[in-house]
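Here's the structure we're looking at; comments come further down.
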Amino acid sequence: MSYENILTRSEGRVGVIQFNRPKALNALSPALMGETMAALEAFDKDEEVGAIVITGSARAFAAGADIKEMAHASVVDMLGNPFIDYWDRLRRVSKPVVAAVSGFALGGGCELALACDLIVASETAQFGQPEINLGVIPGAGGTQRMTRAVGKALAMEIVLNDRRLTAVEALHYGLVNRVVPVELYLEEAIKLAQAIAERAPVAVRLAKEAINAVYEMPLQAGLAHERRLFYMLFATADQKEGMDAFVNKRPANWQGK
Ligand code: CAA
């Protein structure tokens with residue numbers, strides 16, 4: 001499938017989606033988000049793909065939702081527009097999604113990175129929720145995911161007063177997995193995604209589901225959910241293969257079944 005606002009490719013078992021609106025610093029227009037979702041869902045269905053990387057350019061992961069396209073919207077336009085649902089649909093992708101972030105990750109761009117499962121950041125990455133400068137607030141999870149990630153005190157500064165986090169600060173607060181030189185961030189993200197993509201696919205998928213459930217469930221319900229997923233894996237060929245490979249001191253050959 002060909003796209004106008006993104007580029008896609010596969011590297012090994014990794015599907016790569018790259019935002020391609022450099023003149024607008026990869027502002028997330030409805031068209032770009034629609035294409036991104038279509039590409040994500042296609043990779044999610046593709047058995048040759050085990051993990052997905054989303055990235056922008058070295059200068060900008062994404063500078064937020066497209067302000068020019070939103071500027072004259074009414075509340076009714078916003079209510080009738082499925083645009084922000086794309087961030088929720090990203091959460092429903094079953095394979096791990098790694099954000100490779102360099103430069104600006106602002107507003108909806110920051111929220112998109114936070115909705116991914118892992119983040120590899122370049123040293124120049126900058127995370128922020130500057131919506132307050134536009135007379136609005138984050139609308140795609142910024143007040144919720146950012147607060148869970150960095151705590152209330154800092155989230156208040158970020159959302160109320162446009163405090164930006166450097167890559168090193170983001171690492172300190174556990175927002176990102178690692179910070180690497182700008183020339184390496186995409187390569188590192190693909191390497192990380194590839195390493196995960198080589199593991200037992202059904203277990204990876206259920207592990208992601210169990211960890212993300214932390215944000216949705218109280219502890220007891222989360223523990224019960226985890227246990228059910230754990231037991232479920234005993235119905236897979238990969239569980240038999242993984243344990244047999246361990247016992248017989250050989251590498252496992254995963255089938256994803
Ligand atoms: N939407 C539309 N266009 C944008 C954009 C955005 N979010 N961010 C940047 N651009 C455009 C600029 O308008 C400019 O276009 P022109 O050349 O046609 O004027 C081009 O990208 C380059 O931007 P700048 O000239 O501003 O570049 P800079 O280096 O001086 O500044 C920046 C970079 C600090 C990122 C600045 O562009 C900026 O502040 N952008 C807006 C960031 C923002 O407020 N994001 C939140 C959006 S709202 C949102 O995301 C809601 C939500 O929660 C879903």
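The values are calculated or read from the model by the stated rules, or taken from the named source; none is laboratory data. Just so it is clear, the structure is predicted and the values come from calculations on it, not from any experiment. Here Cβ is always computed from backbone atoms with ideal geometry, including for glycine, and neighbour counts include all displayed protein chains.
The table below lists the values:
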{"read-out": "Count of residues meeting criterion [in contact with a strand residue (DSSP E or B) (Cβ under 7 Å, 6 or more places away or on another chain) and within 16 Å of the ligand (Cβ to nearest atom)] in segment 7-26", "value": "4"}
{"read-out": "Meets criteria (of a type in the set (Ser, Thr, Tyr) and within 16 Å of the ligand (Cβ to nearest atom)) for Ser57", "value": "yes"}
{"read-out": "Subset of segment 77-93 [touching a Pro at 6+ places or on another chain (Cβ under 9 Å) and free of Cβ contacts under 8 Å to residues at least 12 places away in the same chain]", "value": "Pro82"}
{"read-out": "Test result for Pro96, free of Cβ contacts under 8 Å to residues at least 60 places away in the same chain and within 20 Å of Gly56 (Cβ to Cβ)", "value": "no"}
{"read-out": "Top-ranked residue of segment 60-82 - restricted to ones that are part of a helix (DSSP H, G or I), near the ligand (Cβ under 8 Å from one of its atoms) and of a type outside the set (A, V, I, L, M), ranked as modelled with the lowest pLDDT", "value": "Glu69"}
{"read-out": "Residue in segment 219-229 that is within 29 Å of Phe127 (Cβ to Cβ), aliphatic (A, V, I, L, M) and at pLDDT 95 or above present", "value": "yes"}
{"read-out": "Test for Glu48: is it part of a loop (DSSP other than H, G, I, E, B) and either within 12 Å of the ligand (Cβ to nearest atom) or surrounded by fewer than 24 Cβ atoms within 10 Å (Cβ to Cβ) (or both)", "value": "yes"}
{"read-out": "Selection count, segment 51-97, where residues are buried (at least 22 other Cβ atoms within 10 Å of the Cβ) and hydroxyl-bearing (Ser, Thr, Tyr)", "value": "1"}
{"read-out": "Subset of segment 11-32 [in a helix (DSSP H, G or I) and farther than 17 Å from Phe104 by Cβ]", "value": "Pro30, Ala31"}
{"read-out": "Residues of segment 27-57 satisfying the condition of being under 16 Å from the mean Cα position of the chain (by Cα) and over 22 Å from Lys191 (Cα atoms)", "value": "Leu28, Leu32, Met33, Gly34, Glu35, Met37, Ala38"}
{"read-out": "Check on Gly12, on the phi > 0 side of the Ramachandran plot, touching a residue at least 40 places away in the same chain (Cβ under 8 Å) and surrounded by fewer than 21 Cβ atoms within 10 Å (Cβ to Cβ)", "value": "yes"}
{"read-out": "Per-region count, segment 33-45, residues of a type outside the set (Val, Ile, Thr) and either within 16 Å of the ligand (Cβ to nearest atom) or assigned to a strand (DSSP E or B) (or both)", "value": "3"}
{"read-out": "Any hit, segment 167-175, residues being closer than 20 Å to Ile17 by Cα, aromatic (Phe, Trp, Tyr) and more than 16 Å from the ligand (Cβ to nearest atom)", "value": "no"}
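Yes or no, residue by residue, for (1) without any contact (Cβ under 8 Å) to a residue 12 or more places away in the chain; (2) touching a helix residue (DSSP H, G or I) at 6+ places or on another chain (Cβ under 9 Å); (3) surrounded by fewer than 12 Cβ atoms within 10 Å (Cβ to Cβ); (4) of a type in the set (D, E, K, R):
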site: His225; (1), (2), (3), (4): no, yes, no, no
site: Tyr231; (1), (2), (3), (4): yes, no, yes, no
site: Lys249; (1), (2), (3), (4): yes, no, yes, yes
site: Asn253; (1), (2), (3), (4): no, yes, yes, no
site: Gly256; (1), (2), (3), (4): no, yes, no, no
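Residues checked against (1) within 30 Å of Ala200 (Cβ to Cβ); (2) touching a Ser or Thr at 6+ places or on another chain (Cβ under 9 Å):
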site	(1), (2)
Val14	yes, no
Pro22	no, yes
Ser29	no, no
Ala38	yes, no
Ala42	yes, yes
Ala63	no, no
Ile67	no, no
His72	no, no
